[in-house]
Amino acid sequence: MRSTFLRAFLHRITRQAEKAVRRGQTFLFELDGHLFSQPRLLLKKGSLAGNKVGLSSWRALMDEIPVKIYECYDESQALFIKEVSTNSPLTPYFPRCFMVIDKFLVAEWVRGEQVTWKWASKDERLLHEIAKMQALIHTSAIETPQITRCYYADFLRRRLAKFKGVFPIDEAMQKIYATFEEGTIPSEDRISHPDVTAVNLILENGTGMLKIVDNELMTQNTYYLFDLFNTHFSFGKQKNQLAQRYLSYYLQSGGNLTSLVEHERFFGAMWHLRLIGSNLQSGDLQSAFKLAKAYVDHPTEIHSLIGLVKEKFI
């Protein structure tokens, strides 16, 4: 109940702050004993509902310190992110976390230079550091608090479920879920971060340290290796130059790719679930229908990432 109130409160004070700025005034508000000012709602491009899963985030000043206030799935996930950010081997890669208020987390706003894959393709040290960070994510786990939500189960599946009954989406969904039911991945939970992409990576001013700054969707599950599909996809035009080198550094840093090959149909189905849903969400129905039909016709087709792993690393 409090989280609903806080969300409404933050949206309301954002509108009040915008009015104050237009009048040349400073807008202040107090929250849990701290003085906040200059709140600004952050919107994903083309969206009016916050990030891609409908959660909201703000940029503000807290006691004159630049911060990001962001909404998580629930309080357990907010506490989980705080634990990763403050008390784990991954802490150096994350913004400082100041506090959790119900399911909202207040973290440092990192200032620095945004990484690009074109830059990383020419800087082996940087590319190695990113792969090292992702490998460390995938070999780490947090015992408490227990995570009750999951990006893949609670977002990817639910997003596509809205189109149940729509042909050929419905037929593709049936085949995808049938593949999932053939068996889960028998491994221990590890941290999963689906947004290890260049747009979310910053080299911090002053320290030059690599920081990952978009952490709202970080959880823990057994199919954490699916994160690599998002990273691989984000390479874009740099994919041919980067993929093999990146995976080499990932393995050198302690990562393990065996599960990708052992469960290639599972991961392939999950990738189609993600890609079809993304196109539907963006309004590109033609591409979504084309992808759905392709999966229906060729459900065992191997994803290029898995093909590369089988050819070069397994």
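Quick note: the coordinates plus some simple rules give every number you see, no bench work behind them. On a predicted model such as this, the values are computed, not experimentally measured, just so you know. FYI the Cβ positions are ideal-geometry reconstructions off the backbone, even for glycines, and counts take in every protein chain you see.
If you average the sequence gap of Cα pairs under 8 Å that are 6 or more apart and divide by the length of region 113-312, what percent do you get for the contact order? Relative contact order for region 113-312 comes out at 30 percent.
Report which label in (1) 22.5, 80; (2) 25.3, 91; (3) 20.4, 63 holds the value of Rg and Dmax of the Cα atoms in Å derived from the coordinates of this structure. Label (3) holds the value from this structure. Placing a pseudo-label 7 Å from each Cα along the Cα-to-Cβ vector at residue 139 and residue 281 gives an inter-label distance of 3.1 nm. Between residue 241 and residue 199, how high is the FRET efficiency from 1/(1 + (r/R0)^6) when r is the Cβ-Cβ distance and R₀ = 22 Å? Nearest 0.05. So, using R0 = 22 Å, E works out to roughly 0.75. Helical content alone sets the calculated 222 nm signal of the chain at -13500 deg cm²/dmol, taking -39,500 (n - 2.57) per DSSP H segment of four or more residues and averaging over every residue.
The ranking of 150, 72 by Cβ neighbour count inside 10 Å, starting from the fewest, reads 150, 72. Each of 99, 173 was scored by other Cβ atoms within 10 Å of its Cβ. Listed from fewest to most, they are 99, 173.
Could you work out how much longer the chain between residue 29 and residue 74 gets when fully extended? Use 0.36 nm per residue separation minus the Cα distance between them, nm to one decimal.
13.8 nm
Between residue 222 and residue 40, the simple spin-label model (points 7 angstrom out along Cα→Cβ) gives 4.4 nm. The length gained by stretching the chain between residue 185 and residue 294 to full extension, at 0.36 nm per residue less their Cα-Cα distance, is 36.8 nm. Springs join every pair of Cα atoms under 10 Å in this Gaussian network model of the chain, and among 86, 207, 116 the largest mean-square fluctuation is at 207. Taking other C-beta atoms within 10 angstrom as a stand-in for reagent exposure, 180, 94 fall in the order 180, 94, fewest first.
For the chain, modelled as a GNM whose springs connect Cα atoms under 10 angstrom apart, the maximal fluctuation among 60, 161, 269 occurs at 161. Taken about its Cα centre, the chain carries a charge dipole of about 1160 debye when Lys and Arg each add +1 at the Cβ and Asp and Glu each add -1 at the Cβ.
Taking 0.36 nm per residue of sequence separation and removing the Cα-Cα distance, the residue 118/residue 313 pair yields an extension gain of 67.8 nm.
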